[in-house]
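Here the structure is laid out as structure tokens; the discussion comes afterwards.
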Amino acid sequence: GSRAAGTMAALEAVVIVLLSGVTVAVSAYAYVLHAKLAKAAAAKAKRGPLARDPNEKRRGPWQPSLSARAAWKLAFSLVHKSLQQAKYKRMQARRGEDDKEQFVQDIVHFMVDRALDSIATHGGRLREAGELAKAFAKRRGLRRLQALADRRRTLRLQRRNGQLASNPHHLATTDCALRSVAVEMDGGRAASPLRPGMRTRTGPLALAGDGPGMSPGTSSRPSMAGPPLVPRSGPGQLLADRHMSLNASDARANLSGGDESASLLRAAAAVPGQLPDDEADDDDDEPLPAALQTAIKERPPRGAIWLAEQGRGGAAALVGSLVISFGDYQRGQLGLDPVVAARQVSRNTIVTIEDLRGSEPLQVEAAGVASLVVGSRGQVWGFGSNRSLELGARKEVAQVQAPQRLKSLRSSRAVQVASSRSASGQAHTLVLADDGQVFTFGTSSSGALAQGPDVRQTAPLLLRLTTTVPIRLIAAGARHSLLVTDGGEIYAVGDNSHGQLGHGRRDPANAWTPKFMNEPCPVQGELAELKVRYVATGDDHNLVTTEDGRVFAWGSNANGQLGLGRVGDQAIPLPIRDFQDAGVTSMACGARHSLVVSAGGKQVWSFGSNVQGQLGLGQSSTTDGFQLTSPTLIASLSGRTFTEVVQVAAAGSHSMVVTKTGELWAWGDNAHGQLGFPREGQGHRMSHAIAAAAQAVRPIPPRAAPQSQPPLFSGTRAALEVDAPRMFAEGVARLYVPVKVVSLALYRVISASTSDLHTLVVASS
């Protein structure tokens, strides 16, 4: 670098010298030219007016200084340009050095951020490793118990058959004859076994399982030379003398009889570097002040924590849980580089986000072309597109391909995140903290950010209303947002083109006024006097449940997605009669359809558009307009003995349900692989593990299957499970009935979130 700088300085000096020479030459030429012109002017003046051509027009006096001035201007411009070029080159060199410094600085900051995130999730990884170590230790203990029991059973059988007699009465001789042998008895016991090729093991390490009446230091059975199997006085003898248990907890209870055995099991189940259970600290972060810890404990549950306690689609953070993604990968929303994600999707369809292993995810949110994850300690990770600032990163960051923690929210403990699931147009995001405050960021020209008329795009910014009114739940539509307070009141803000804000009226042009709201305002109508319990939003419509067990709907209703038995937008919330005291436990809204779970998870209802089969009722026809305006029961998911739905998810033109047994069922459009099956024309062969799991699925008899369904991928559930290899080989364009996502057969699904293009799942292996 120094050599190059010296070379550049030498070149600049040479250029300046050359330019100086050119300047001197031009000046000399200008001086000579000026002298010649002056001499010619003097000669012409001597000739007088008679020498002038009579036809020549009258002109002003000759001014030779103009040409000299032009020559000087030319020389000055050349020198000025050379100086400007030299200055520009120096600026370019300085800018390049600044860019290098900024590049190195960004790398250092990125490494520091990744190190901090890794430290934050290290405790979760260590706990996961501890749980795995304990499970393997239990498994090893059970294997040893089983082997010991089998050995004792075999020895007893051999002794009963005389194969292990301590005092043989006959001894073979070299001539193959048998002769009797007098056995010397000492107190009814044999002095030593006489089996050839065997020797007696004596001392404190005798084999376990000696018969009753044997001396402590003598074994009644011979043993091959070698190390002992189990110490005589150790916990192995204690395990052998007690009854055999196939339960790890029983084995632990059996070992609790002695201090030595208990310490041995604890040592076997421990992880290198892990503290004992009574000394382990669950929080890897720095300890908080006592006053702040007390305030945090006294805060009421909110967001995903509240949903988990209510059993309404929330998922408590579990040790060892994973984040799995599938669907479109072009913008990095699967948590991997698009090239790497393409290779994994072509082989396995699903992608496990290894960077989030150990983070103990509390909630996942699939946005339009981005993804967000909330950790158990309030961390928020984001990845995917940031072109609308929906990830809260800087404007210069257009795309994030790996999970990165939101730096601007490090001081807050998030409990829920909501983002618009539509992949078209603008995108905005809301984050709810455990103290009831809400942060909004992204882009919205309709006021969905709730930051006033002057804010159309912003990084994470605190919502002023939430400083005085604590919020319990948040939800985001395509261009509007909903807020539910601790007292059960509901506020709406954003676009109102279909009446989705819950108030307004028609103007003479038959349009809703106001068109949008920049500040949150309460929803009007009967719902304003009731306490809201749960809320779900679609692109332009909303569903809520109240404390008295009713379900209200309002907003866009062009396809009957409000379930009111008619079409036409509805601005004032109206109750759905079919769900009066139905025990609704979960709801979800897509672009133009809705799902409701009632009767404690035993009934799943759908209504709205069915163009892509997103209602799960089979293929519709032109007679019903490819839509249903009233709630209709999905027979294949309702009234089943072994099927209990705990959560529904919907977006765009597809739907999903999560069952209590950890299964994920999906149906509707699969143009981007968002259902967990390969896209049409991009199929691949199923792995052996997934194929075995798919064949092990218990077939369920069909119930009221529509007769108008096409034969391919629209039959009964049992037939679809059998055709799973074919579906993987050929790919799937759409599904008209619920089908189990066999790609996740090796996992237990806890919760799911889906958008127009991709899906995120929290699962445990």
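The values are calculated or read from the model by the stated rules, or taken from the named source; none is laboratory data. From a predicted model like this one, the values you see are computed outputs, not experimental measurements. We place every Cβ from the backbone using ideal geometry, glycine too, and count neighbours over all the protein chains shown. Quick note on the areas: whole protein, heavy atoms, side chains included, nothing else; ligands and nucleic acids left out. Shrake-Rupley method; radii C 1.70, N 1.55, O 1.52, S 1.80 Å.
Checked against (1) in contact (Cβ under 8 Å) with a residue 12 or more places away in the chain; (2) under 26 Å from H593 (Cα atoms), R506 meets all criteria but (1). In the condition set (1) out of contact with any Phe, Trp or Tyr (no Cβ under 7 Å at 6 or more places or on another chain); (2) open to solvent by less than 20 Å² (accessible area, probe 1.4 Å); (3) among the hydrophobic types (A, V, I, L, M, F, W, C), L409 is compliant with all but (1).
Scanning segment 730-755 for residues that are among the basic types (K, R) and more than 18 Å from the chain's Cα centre (by Cα), we see that the one that is least open to solvent (accessible area, probe 1.4 Å) is K740.
In the set (1) without any contact (Cβ under 8 Å) to a residue 60 or more places away in the chain; (2) open to solvent by 30 Å² or more (accessible area, probe 1.4 Å); (3) over 30 Å from Q416 (Cα atoms), the condition left unmet by Q627 is number (1). Set side by side, the residues G504, G436 differ, and just one is under 27 Å from A649 (Cα atoms) and modelled with pLDDT under 95, which is G436.
In segment 137-158, the qualifying residues are those that are exposed (fewer than 13 other Cβ atoms within 10 Å of the Cβ) and among the charged types (D, E, K, R), and the one that is farthest from S359 (Cα to Cα) is R153.
Residues that are buried (at least 23 other Cβ atoms within 10 Å of the Cβ), closer than 18 Å to Y534 by Cα and touching a helix residue (DSSP H, G or I) at 6+ places or on another chain (Cβ under 7 Å) occur in segment 436-448; there is at least one.
Residues of segment 567-612 that are of a type in the set (V, I, T), outside any loop (DSSP other than H, G, I, E, B), out of contact with any Gly (no Cβ under 6 Å at 6 or more places or on another chain) and closer than 20 Å to L530 by Cβ: V596 alone. In segment 312-330, the residue that is surrounded by the most Cβ atoms within 10 Å (Cβ to Cβ) out of those that are touching a helix residue (DSSP H, G or I) at 6+ places or on another chain (Cβ under 8 Å) and at pLDDT below 85 is G313. I'd like to check something: does segment 147-166 contain any residue that is closer than 30 Å to S764 by Cα, in a helix (DSSP H, G or I) and not charged (D, E, K, R)? No; the residues of segment 147-166 include none that is closer than 30 Å to S764 by Cα, in a helix (DSSP H, G or I) and not charged (D, E, K, R). Name every residue in segment 667-692 that is part of a loop (DSSP other than H, G, I, E, B), at pLDDT 75 or above and open to solvent by 20 Å² or more (accessible area, probe 1.4 Å), in order of residue number. The answer is A671, H672, E680, G681, Q682.
Among the residues of segment 419-435, those identified as under 17 Å from the mean Cα position of the chain (by Cα) and open to solvent by less than 10 Å² (accessible area, probe 1.4 Å) are S419, S420, T429, L430, V431.
From the list G499, G494, exactly one residue is part of a loop (DSSP other than H, G, I, E, B), in contact (Cβ under 8 Å) with a residue 12 or more places away in the chain and of a type outside the set (D, E, K, R). Which is it?
On the way: G494 fails: part of a loop (DSSP other than H, G, I, E, B).
Testing whether each residue is part of a loop (DSSP other than H, G, I, E, B), in contact (Cβ under 8 Å) with a residue 12 or more places away in the chain and of a type outside the set (D, E, K, R) leaves just G499.
Before we move on, is H758 at pLDDT 60 or above, surrounded by 19 or more Cβ atoms within 10 Å (Cβ to Cβ) and under 30 Å from G358 (Cβ atoms)? Reasoning before the result, please.
Details: at pLDDT 60 or above: yes; surrounded by 19 or more Cβ atoms within 10 Å (Cβ to Cβ): yes; under 30 Å from G358 (Cβ atoms): yes.
The answer is yes for H758.
Of the residues making up segment 576-594, one or more are free of Cβ contacts under 8 Å to residues at least 60 places away in the same chain, more than 22 Å from H654 (Cα to Cα) and among the basic types (K, R).
Working only within segment 373-402, note down all residues that are of a type in the set (D, E) and modelled with pLDDT of 90 or more. Residue satisfying the conditions is E390 alone. Scan (1) open to solvent by 60 Å² or more (accessible area, probe 1.4 Å); (2) within 23 Å of V397 (Cβ to Cβ) for the single condition E131 breaks and write down its number. Exception for E131: condition (2). Of the set (1) closer than 27 Å to E354 by Cβ; (2) of a type in the set (V, I, T); (3) assigned to a loop (DSSP other than H, G, I, E, B), all apply to V431 but (3). Within segment 331-347, if we keep just the residues that are polar (S, T, N, Q) and touching a His at 6+ places or on another chain (Cβ under 8 Å), the residue that is least open to solvent (accessible area, probe 1.4 Å) turns out to be Q333. Just wondering, is there one or more residues in segment 98-111 that are within 27 Å of P403 (Cβ to Cβ) and open to solvent by 100 Å² or more (accessible area, probe 1.4 Å)? Yes - at least one qualifying residue is present in segment 98-111.
Please find, within segment 396-406, the residue that is farthest from V112 (Cα to Cα) out of those that are outside any loop (DSSP other than H, G, I, E, B) and open to solvent by 50 Å² or more (accessible area, probe 1.4 Å). Looking at residues that are outside any loop (DSSP other than H, G, I, E, B) and open to solvent by 50 Å² or more (accessible area, probe 1.4 Å), I get Q399. Cβ-Cβ contacts under 8 Å between residues 6 or more apart (or on different chains), taken from a first residue in segment 433-458 that is more than 13 Å from L409 (Cα to Cα) and basic (K, R) to a second residue that is open to solvent by 10 Å² or more (accessible area, probe 1.4 Å) and assigned to a loop (DSSP other than H, G, I, E, B), are listed as R456/S445.
Taken over segment 95-136, the criterion of being among the polar types (S, T, N, Q) and over 24 Å from S359 (Cβ atoms) is satisfied by Q102, Q105.
Of all residues in segment 365-395, which are open to solvent by 10 Å² or more (accessible area, probe 1.4 Å), aliphatic (A, V, I, L, M) and in a strand (DSSP E or B)? Correct list: empty. Kindly provide the set of residues from segment 331-364 that are within 12 Å of V761 (Cα to Cα), in a loop (DSSP other than H, G, I, E, B) and in contact with a helix residue (DSSP H, G or I) (Cβ under 6 Å, 6 or more places away or on another chain), ordered by number. Passing the criteria: L334, I350. What number of residues within segment 614-663 are modelled with pLDDT of 90 or more, touching a helix residue (DSSP H, G or I) at 6+ places or on another chain (Cβ under 7 Å) and β-branched (V, I, T)? Residues meeting the conditions: 3.
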